[in-house]
Structure formats: C-alpha cells, structure tokens
Amino acid sequence: MKILDLNGISYDYTTKAGKVHALKEATASFETGVVYAIVGRSGSGKSTLMSLMAGLDVPRDGDVRYRGESLLSMDRDRYRREHVGMIFQSYYLLPQLTAVENVELSLELANYRGNKRARAEEMLTLVGIRREQFRKRSTQFSGGEQQRIAVARAIAADPELILADEPTGNLDNENSMNIVEILTELAHRYGKCVIIITHAAEVAERADRVLRMDDGYLRAE
Amino acid sequence: MLIKFAFRNLRRLPWRTVLYSSAVFLVILAMTASLLVLCACENARTTLEEEYMFVASLVHRPNTNVYMSDVGLCTQGNEILGINLAMAEGQAVIPGGVHMTEYPDEDNMPSEPSALYMEPFGCNLFAVENLSMVYPFFTGEYTIREGTGLTAEGYTGERAELVIPWWLADQYGIGVGDTVMRRYNHYGHNNNGHYSYRECTVVGIYEAKNKSASPDSYPAYMTVGRAERDYDNFFIPRTVTPIVLDRVDFVLRGRDSFGTFVKTAEANGLALDRVDLVFNNATYDTLLAELDSIRTVALFVFLTVLTVGLGVLIFFTVLLCHTRERERRLLVSLGMTRGGVCRMLAWELAVMLLVAVTLGLGVGYLAAEGVCSYVNGSVLARASASQRVRNLSSDEAFDETMPLEKRIELSVSVFDTTVSASALYFNSMCLPDENELGISRLTLPFIETGENGYPREGIENGVWHPTTIVAVTDPDAVGVSVSTEALRARADYNPYSIYMYVSESSPFAPKDGDDGLLRLYFGKDMQGCVSVVDDFAIRLGGEPLVRYGRENVAGIVAAYVIGTYRDNALCSGEDVLICMEDYHDMFEALSVDFGGFRFERIGHIINKEELQ
C-alpha cells in the first residue's frame, strides 16, 4: 500500500559558490512493508531528500504526499511525531538521559497514551538491549548499541514510515548488519515502510528496492 | 512537559547548570554589591549634609573682644538651631581663704570696701552654656574627677552649681556638695565696691591631664543661664552689656547657611574687623572626600561589571544555546515544535537565572553591608577622627577645625546611614519675630492668701493650689488691662518685682478702689519651704519674707496682680499670665528642677494672628 509519494519535487539552496540544485523533479512512491535504499555519492542530494520526506523542509516545486495528503497542508510537527520515525548516522541520543528515557522521549512527544515506560522497555528489548542496561546513560553504550537505542526510539510511537539517514555510517560490519536486519524485520514483519539512505553497497543489497540519487535526479534501479 | 524536560535537563547536566548559574550569580553579586555601596554612599552624602552639626563660631580678632551684644547681632534674623557660649566672668571670682566658704561680714560691706579687696584670690570663674561643650572637656583634656559636669539641667539651681578645679578642692579641702561663695561685682558698681556674695554648690571637681605650672589658671565653671541672671537678666538678643565672651558656637541648618548667616550678622551691625566668624568643618570635608572616593570605586566596579559581566553572560548564554543545537535538531525531528524547544531552553534559563539572581541579590546585599562595615571600621573611622584632628587639643587650634567634630562619626549602611555625635545639648534658640509670640508654660502651686495679700494661715500651714503659669514675650498681644508701658510708668513699679495678670473672672482680679497690689506667693512644690535670704527677698518681693537660716534657701516667690486678661486660647480661668522675663525670674528663683523638665528660654512660638 502506497504511503508516501514524491511528485516532481525540486529543491535549491545557496552556498558561497552559488546556487545548488539539490533535487530536480524527483518522483517516487513508497509502500508499506518494503525496505527502500536510496544510494548515491556524497552531495548527490540524499539527505536533502530525507529532510523533505520528514517534513523538516519544503520543496521549491512539487509535492510530498503522505497517504495522499500534501505535507504542505499538514501539521508537519505532528506528522513527524505520529507517523515518522527517524534514525541518524550519529544516533542523536540525548547524553543526559538513560536509554529508556531516550525512548520515552519520543513517546512523550507523541502523546502516547499507554504505559510509556513499559513501551520503551519493550522496544529496547526488541532491538536487543538488555534490561540491566536500560538505566545506563546513553553515552555508556557502544556505537552499535546506541544506534539500536535510536532505532527503538524511532519505532516506539509505532510510526508507519521509518527514515534512516546513513544508519550504519558509524558502525562496523557486524553492527551494521544487525541494524539492517532489525530495519528489514520492521518492514517485513511489522509492515513499516523503511527508507534507508546509504552509500554502503552491502546495506543496499539487503533492501527490497533501490533508488539512486545522481546529480539531483532520483532514479529507480 | 516542557517544564518537566527543563528541570530534568538542569538536574542531569549539573556542571552546565552550576557553571552558568555561578557566572550569573557572580555578576549579579558584584553588580548588586557595588550598586548598593554606591547608593549607600549617595545616601550617606545626603545624611551627612542633613545631620552634620555645622557649627559657625564667633571669635575675636587679635587684641579685641567678643561681647554678649555680638551674639544678638548674629542671632537676629538668622535661622539657628542651637547656640553654645562660654564667657569668662571677668567680674566674678571664687575668693580664696576664709571667704571661700563663708560670707564676709555683711555689716562691713558698704562701709569698708577696702577690706573686701584684700580677700585672697581663689580662682577665675567661667560661665558656659554646657560644660561638655567646653573644649578641654570635650577633647578629654579635662575629666570630671568627682561628681558631675554642668549640664543644661543645671541652668537654674537656686544656688549656682559649680565645677571647680582639682587644685582648689585639694587646697581647701572642698568636696562635692559643699557650698562655696562666689563674689560678684555688680555691673556698673565696680568702682564703689558694691559686691555681693552668692552661695554656690560644688557639683563636680575636674582634673587636667597635663597640668601646667600655674594651676590657678584653671578656672571654675558655672552655667551661663545663672550668670546671665546675675548680669541683671539681660536676655541675649537685647543685651547691650559689654560682657566679654570667650567664644560662641552657632549650630547652623546646613553648610550653605553660613553665607547667609554672615551676611545677616553683618547687616545687623556685626563688626567683622573686630570679630570673626569661623566655619571650619574639616571633618565634614574629610568624610565627604572619603565618601566620594568610595563612591567612585563602587561606580567603577559597577560599570565594569555591567559591561564585562553582561558581555560574559551574553557569551555564555549564546554558547549554551549553541551547544544545544544537536539536541534542538533532534527534538524537532522527533516532532517537537521549534517554539517548544525555545520555550524549554527558556525555562531552563529562567530557573537558573531565578536562583542565581536571587542568591546574587541576597549575597550582594550581605557583601555590600560587609563593605560598608569595613569602610566604617577603617576608612571612615580614620576620617572621622583623623590623627590631625585628634591632636588638636584646644581652642588654640580653633582656626583649623571645629573641635566639636572630633566625635562626629559617619556610619554607612545600605539602608540605615547615621551620623552620630556625642550627646551634646545645645540650648535651642527660639526667637520670635515681631509678629510672633513666644510662649512657655509651667504649673506651680500658689498659697492661699487673705485679703491683705499675706498667706491666710501662714506660709507653713497655708493651703496650696496648683495653677498654670503662662509666660509670653509680649503680654500686650494677649490683651491685658494694663499694658507693659503703663505698668512701667507706675510710680511703684519695681523692675525686680514679678507682675502677673489674672482672668477677669478670677477672685484675685483687682477691684475698683483697690489702692494696693494683691500679692500671691508661688512655690516650686507644696512643701512650703520658705527660707529666703535677704538678697533674693529684696529682688523678688521688695522686702524680706521669712528667714530661718542660710543653709535652707529653697524659696517662694511673691508676685503682684497688676491687671487682668480676657479669657483666650492661651490662658483662661485660673491660669496666670506673666511676661517672659518675669517667668525666667520666677523659674530661677524657685530653682525648679522637676524630674525630666528642661528649662527653655522660650518653649514655643505662635503667630500673633492666631490669637485674634
């Protein structure tokens, strides 16, 4: 089932060197239960595309639609809180919080009505964090563990769309594969739409579909 | 939720919280302390100006004198808060030898004045308004060895109160409470040997710290009030008697009053080529200079902290926000609004600022008090009693400073700055203008008299009735049946007698056909102690009353009913109206010394129009 549509979106930004056309009429559709990999060289516009899909920015031309509704007409903060889970290369865990509190944070922002602590612990268990580690500060975890906590945080509020920006960029091969495995399972088992932006070929190989960003153009492979 | 996040962040990031709060705390502390010290200095300047005892002194130039009449020229038309004067009683001494404690043979006085001149000299006599204001006593050069010093309360003992030097006491074995004679040469009669002898009670004996080779240069002291009486009661502003004064201090309202004070005195006829008006309030200048220095430092600190400290705070705040950029981006990506993130950070800042500013203000206040305390104990203490001022020992250093200033201290505090001086009593000057009326009141008992004016049951057994004596500077303004001018024109007028007015409804009101004046007798209490020596009796009643012996000299006063007044706002019913000079006579003669009652030349002043 289609969940996200990109309809000819273009995006420009200006640097000292001049105007950069980061995206040029990109068009694509994304469905639930599928893992997508968007690959491309550095500076090809991958991260810009992710910002637009997350509603952190708006395209110059074109339209991003979530379940047929344009993000321009939506409360994009609410869209992110309730429908999108984001994972970053640098994990972005809050150092002052414990593992479970980091996960709880997204639940609090999403106004989760259930038991937040139990849900956070469930998600941490799901990504392979041991119970005795729940109350450790996030800085006390390894990179792989931190990313798994970030994944738990992204999926805690049960979003349909998971956007992962270079989720394995700072991880070794083993941890990378673990993360990709978790993301794949989220798509295949839990019916999430997982979009992974990566330049790692082995990650792209595990995706169901691969899109390539090349000089601002998005093409299916 | 935002507040919860904010407090959690403050708790979980203790170093950041503590460091930022400390920076704010230190800045606020420094600003508060310096600002409060600055305000305290400003306040101290104002207090100093308002409460400082600005004293102008009337002093003589070389080979000239200051006279009592000069005092009147300085006081008339000038606003003066108080006055202190000291005069060498050139015509009064304490005789030596046997005459120190015994009257000379009265029978020989008129006919053998030469014998009186042979009396050995005892010591000079000075009259002072307040002994504690006499420089050697003020500076501590003289100390009271035994008894008390003369104070304003000693203004009107029936027996003049006397403080004598140690050497006189030692030489003649005199102690506190003993009676000694004061030889007084009546003004205008010094060529025919018209002396009178007045008993004085020794109330104190003083000793000098550094005794000079000629001890008889140390005088005895009595009160100006008493001396003034004995110089025929010339009230200061009106006197033309050439009484030589040692010095006169005038307490002015403020520093700026001095110019007006001098101009007015000069316009009144004060000869500034003969006398000089000195205004050396050096301690004030020193204190002011020190305050200015402290204020400058405080201002510098305040401005420095204001610029540097605020710059540092702004830097820290920006840095704080910048270091939270990743957190901000994460929270936004998780769906928190940008405004929500800002509000959360604002809450964190607000809590830190609230705590830091509260603590900074509190500790800053304490620090300011500490600075003030240090300044009081060091800088201002030194300024208040600088070594130079301390070393000024007497009126020889008069031109340099006012010795009165030696004990003036400024105590700076954030909210309570005080200027303290020694508890000195200045007789307040209360001088009515032409359109004003000076009033004093006193309740005294009088004894019931028969139709002949003499006590009905005798003085000892008579019945005493309390009545209010209302004294006014101008009885004519009250509306009396016999004007002052008419009274003085009477053939039987006696300037030493006391005349009074009673209410028209009084049983003592003169009746048509009365050929003599009714006499009432007043006492200071109802004990009826009535011994009066000849001299006083003559002055007060025109003839001796009763005489039981010299050792018992408490008195009564006979006063003549000269006329009536119409009941008015000032006096009515049984009140007795007398003129102010007679009031002073009566007061002095009765030796009124009620507990807590302080004699005032004039109690208060009203506008004459108020009587209309």
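The values are calculated or read from the model by the stated rules, or taken from the named source; none is laboratory data. Small disclaimer: the values here were computed from a predicted structure and weren't measured. Every residue, glycine among them, receives a Cβ derived from its backbone with ideal geometry; neighbour counts consider all protein chains shown. What goes into the accessible areas is simple: the full protein's heavy atoms, side chains included, and nothing from ligands, DNA or RNA. Shrake-Rupley method; radii C 1.70, N 1.55, O 1.52, S 1.80 Å.
For the reader, a short list of remarks on this structure follows.
- Close pairs (8 angstrom Cβ cut-off, 6 or more residues apart or separate chains): within 9 Å of another protein chain (Cβ to nearest Cβ) and touching a residue at least 24 places away in the same chain (Cβ under 8 Å) in the range B:1-23, crowded, with 18+ Cβ neighbours inside 10 Å and not in a helix (DSSP H, G or I) anywhere: B:Asn9/A:Gln96
- In the condition set (1) touching a residue at least 40 places away in the same chain (Cβ under 8 Å); (2) within 10 Å of another protein chain (Cβ to nearest Cβ), A:Ala22 is compliant with all but (2).
- Restricting the range B:324-344 to residues that are touching a residue at least 60 places away in the same chain (Cβ under 8 Å) and more than 10 Å from chain A (Cβ to nearest Cβ), the residue that is least open to solvent (accessible area, probe 1.4 Å): B:Met344
- Candidate set from the range A:93-119 (those that are touching a helix residue (DSSP H, G or I) at 6+ places or on another chain (Cβ under 7 Å) and open to solvent by 50 Å² or more (accessible area, probe 1.4 Å)); member that is farthest from A:Leu171 (Cα to Cα): A:Tyr112
- Residue in the range B:310-319 that is within 14 Å of another protein chain (Cβ to nearest Cβ), free of Cβ contacts under 8 Å to residues at least 40 places away in the same chain, in a helix (DSSP H, G or I) and out of contact with any helix residue (DSSP H, G or I) (no Cβ under 7 Å at 6 or more places or on another chain) present: no
- Of all the listed residues (A:Gly85, A:Gly114, A:Gly144), the sole one being touching a residue at least 24 places away in the same chain (Cβ under 8 Å) and either more than 14 Å from chain B (Cβ to nearest Cβ) or aromatic (Phe, Trp, Tyr) (or both) is A:Gly144.
- Picking from residues in the range B:213-223 that are open to solvent by 30 Å² or more (accessible area, probe 1.4 Å) and not polar (S, T, N, Q), the one that is modelled with the lowest pLDDT is B:Ala213.
- In the range B:70-85, the qualifying residues are those that are over 19 Å from B:Pro432 (Cβ atoms) and not charged (D, E, K, R), and the one that is nearest to the chain's Cα centre (by Cα) is B:Asn84.
- For the range A:120-157, a residue qualifies if it is within 16 Å of A:Leu186 (Cβ to Cβ) and surrounded by fewer than 21 Cβ atoms within 10 Å (Cβ to Cβ), and the qualifying residues are A:Glu122, A:Thr125, A:Leu126, A:Gly128.
- When the range B:47-81 is filtered for residues that are at pLDDT below 80, open to solvent by 40 Å² or more (accessible area, probe 1.4 Å), more than 16 Å from B:Val224 (Cβ to Cβ) and touching a strand residue (DSSP E or B) at 6+ places or on another chain (Cβ under 7 Å), the ones remaining, listed by number, are B:Glu51, B:Leu81.
- Condition broken by A:Val100, with the remaining ones in (1) closer than 23 Å to B:Leu10 by Cα; (2) at the interface with chain B (Cβ under 10 Å from one of its Cβ atoms) satisfied: (2)
- Looking only at the range A:13-51, residues that are part of a strand (DSSP E or B), farther than 12 Å from A:Arg219 by Cα and at pLDDT 90 or above come to 4 in all.
- Scanning the range A:53-61 for any residue that is out of contact with any helix residue (DSSP H, G or I) (no Cβ under 8 Å at 6 or more places or on another chain), surrounded by 21 or more Cβ atoms within 10 Å (Cβ to Cβ) and within 14 Å of chain B (Cβ to nearest Cβ) turns up at least one such residue.
- Members of the range B:244-275 found to be assigned to a strand (DSSP E or B), open to solvent by 50 Å² or more (accessible area, probe 1.4 Å) and modelled with pLDDT of 85 or more, listed by number: none
- On the stretch given as the range B:31-46, residues that are among the polar types (S, T, N, Q) and at pLDDT below 90 total 2.
- Taking the conditions (1) hydrophobic (A, V, I, L, M, F, W, C); (2) under 30 Å from B:Asp416 (Cβ atoms); (3) surrounded by fewer than 18 Cβ atoms within 10 Å (Cβ to Cβ) in turn, B:Cys321 satisfies each one other than (2).
- Here B:Arg488 clears all of (1) at pLDDT 85 or above; (2) open to solvent by less than 50 Å² (accessible area, probe 1.4 Å); (3) closer than 17 Å to B:Asp582 by Cα except the condition numbered (2).
- Taking the range B:355-383 as the range and being in contact with an Asp or Glu (Cβ under 9 Å, 6 or more places away or on another chain) and within 20 Å of B:Ser22 (Cβ to Cβ) as the test, no residue passes.
- The single condition among (1) in contact with a Lys or Arg (Cβ under 9 Å, 6 or more places away or on another chain); (2) of a type in the set (D, E, K, R); (3) open to solvent by 60 Å² or more (accessible area, probe 1.4 Å) that A:Asp165 does not satisfy is (3).
- None of B:Val27, B:Val66, B:Val37, B:Val55 is closer than 17 Å to B:Ile294 by Cβ, more than 14 Å from chain A (Cβ to nearest Cβ) and of a type in the set (Val, Ile, Thr) except B:Val37.
- Selection over the range A:65-92 of residues that are outside any strand (DSSP E or B) and open to solvent by less than 20 Å² (accessible area, probe 1.4 Å) gives a count of 3.
- Of the candidates B:Asn210, B:Asn190, B:Asn233, the single residue that is at pLDDT below 70, surrounded by fewer than 18 Cβ atoms within 10 Å (Cβ to Cβ) and out of contact with any helix residue (DSSP H, G or I) (no Cβ under 9 Å at 6 or more places or on another chain) is B:Asn190.
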